[in-house]
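Following: one structure in structure tokens, then a few remarks.
Rule-based calculations on the coordinates, nothing more; no lab input. Keep in mind that what you see is a predicted model, and the values were worked out from it rather than measured. Counting neighbours? That spans all protein chains shown, and the Cβs are built from the backbone with ideal geometry, glycine included.
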């Protein structure tokens, strides 16, 4: 009971009870581009920016069509050649997360589609400079029970325009 009262008291005085912040820039291997999360999750106006090494904002989630404010970039993974960065963003409600790819050459973003309604996709690792392994977990949140599963896909990325091709998908595995 004391912990609940403490959380309520912190919320009443304006301190975030369960805030998440990430002030560390996530910089590309060549040092030319960074993803920076701005604000904290206890406030409705938190967002992320993709910036060049001179501080110029290339893309901001609170003003880019297809992205919304109120989301941090998570699970940020840069390709070895700094050409692509993959990251996960909360896109719908508190549980759904999608994986996005940003191309440093074309300054464009691609959302990797999934066929699951209640899902979280997360970039796992780069196999090569243009081959990315992502994981999808479903269902998530209030619908999650004993019927949850996950699977991984290997994605090949190309530019002009940014495009993806799924090369391999594992069979869904039940999670405990």
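Multiply the residue gap between residue 108 and residue 80 by 0.36 nm, knock off their C-alpha separation, and tell me the result in nm, one decimal place.
8.2 nm
Under a point spin-label approximation (7 Å from Cα along Cα-to-Cβ), what is the residue 129-residue 63 distance to one decimal in nm?
3.2 nm
Apply 1/(1 + (r/R0)^6) to the Cβ-Cβ distance of residue 150 and residue 24, taking R0 = 25 Å, and write down the FRET efficiency to the nearest 0.05.
That gives a FRET efficiency of 0.35.
Could you rank the peptides 71-83, 157-169 by their average count of other C-beta atoms within 10 Å per residue, with the highest value first?
Result, highest mean Cβ count within 10 Å first: 71-83, 157-169.
Is the stretch 19-174 rounded, prolate or oblate when judged by the Cα gyration tensor, a ≥ b ≥ c being the square roots of its eigenvalues, rounded requiring a/c under 1.5 and prolate requiring a/b larger than b/c?
Verdict is oblate for the stretch 19-174.
Label points 7 Å out from Cα along the Cβ direction at residue 115 and residue 56: separation in nm?
4.2 nm
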